[in-house]
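These notes are about the structure you will find just below.
The values are calculated or read from the model by the stated rules, or taken from the named source; none is laboratory data. The shown structure was predicted, so the numbers you read here are calculated from the model rather than taken from an experiment. Counting neighbours? That spans all protein chains shown, and the Cβs are built from the backbone with ideal geometry, glycine included. Areas reflect the complete protein model, heavy atoms only, side chains present, ligands, DNA and RNA absent. Shrake-Rupley method; radii C 1.70, N 1.55, O 1.52, S 1.80 Å.
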Amino acid sequence: MGYDEYYQTAKESPKGIVRYYREREARSYDIPADYYTVLKTLLSNEMREQFVSTKDCREHIMKLDGRYSRLLMAIDNLDQRLKRQEEIEIPRTIEIREVTIEKAKEMIVNYLKEHPSTYPDDIADELAIDLKTTMQVVEELIKEGKIEEM
Amino acid sequence: MPTYYNLGDAIEGGHIACQFRKIRKIREISERTSRHGGMKTTLDDAYCVITKPLRLK
């Protein structure tokens, strides 16, 4: 039985026409023009006042979807800002070691053997040496001709 | 390598390392002429130094 024939048969009873529309809606989004009118006639007066068509629901869902997308973007933006803030405000704690200049020289030279092209501040962080001490040692090592800047 | 202590003494470099007691709020700078502004802040009791990558000779 084709859908048009089925429609003619279904129209004879209210339950039949509702089943017809439900099945049709399940199969495609091509809803007949009289769909909402027929549905409204089947509802009680009280329900008819509160009737919201599927089309209205879809429009509402589309609006909600847009707002949801904007919310997700806003959350993503806030998340990035929070991460940046955390990077700045919660630094990794470094316990500075007290080392002699000679010991620091040895440590820095050894570190540069394994990690060429490193910034002095990164060396200071990794070896847990005071930045001032590191710069003092770097200056001496450059004067001694053991290291050079790139 | 000199160290500067006086008002208006400035250092400018591509990579500056700092050690400080306190950092103030970081502000974003937006310039009308450029899309990407920088950032600014103030450090209290700070030691700042220009650094460059090092290698063994």
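Quick notes on this structure:
- All Cα-Cα distances of chain B, cut into 5 Å bins from zero to the largest, leave 4, 13, 18, 23, 17, 13, 8, 3, 1, 0 percent in each bin in turn.
- Sparse-neighbour loop sites [trypsin sites (Lys or Arg not before Pro); region A:71-135; at most 10 other C-beta within 10 Å; DSSP]: A:R92
- Accessible area buried at the B-A interface, both sides summed, 1.4 Å probe (Å², nearest 100): 2200 Å²
- Around A:D65: net Lys/Arg minus Asp/Glu count, Cβ-Cβ under 12 Å: +3
- Ranked order, A:Y68, B:Y5, B:Y47 - accessible area, probe 1.4 Å, largest first: B:Y5, A:Y68, B:Y47
- Within region A:91-114, backbone nitrogen closer than 16 Å to the virtual label 7 Å beyond the Cα of A:Q136 toward Cβ: A:96-108
- Extension gain (nm, one decimal) between A:R92 and A:I61, 0.36 nm per residue minus Cα-Cα: 6.6 nm
- Treating r as the C-beta distance of A:Y68 and A:D34 and R0 as 30 Å, the FRET efficiency rounds to 0.35.
- Other-chain or far-sequence residues with amide H under 5 Å of B:G37's (modelled H): B:E31
- Fraction in percent of alpha-carbon pairs per bin - 5 Å, region A:55-150: 3, 11, 16, 13, 8, 7, 7, 6, 5, 5, 5, 5, 4, 3, 2, 1, 0
- Charge dipole of chain B about the Cα centre (unit charges at C-beta), most positive-ward option of B:S30, B:G8, B:A46: B:S30
- Sorting A:T93, A:T100, B:T41, A:T118 by solvent-accessible area of protein heavy atoms yields A:T93, A:T100, B:T41, A:T118, largest first, with a 1.4 Å probe.
- Taking all protein chains into account, the per residue accessible area for region A:87-142 stands at 62 Å² (1.4 Å probe).
- Inter-probe distance in nm under a simple model that places probes 7 Å from Cα toward Cβ, at A:E23 and B:A46: 7.7 nm
- Loop-located GluC sites (Glu not before Pro) in region A:61-150 (DSSP state not H, G, I, E or B) with no more than 14 neighbouring Cβ atoms inside 10 Å: A:E95, A:E98.
- Chain B: GluC sites (Glu not before Pro) falling in loop per DSSP and having at most 13 other Cβ within 10 Å: B:E12, B:E31
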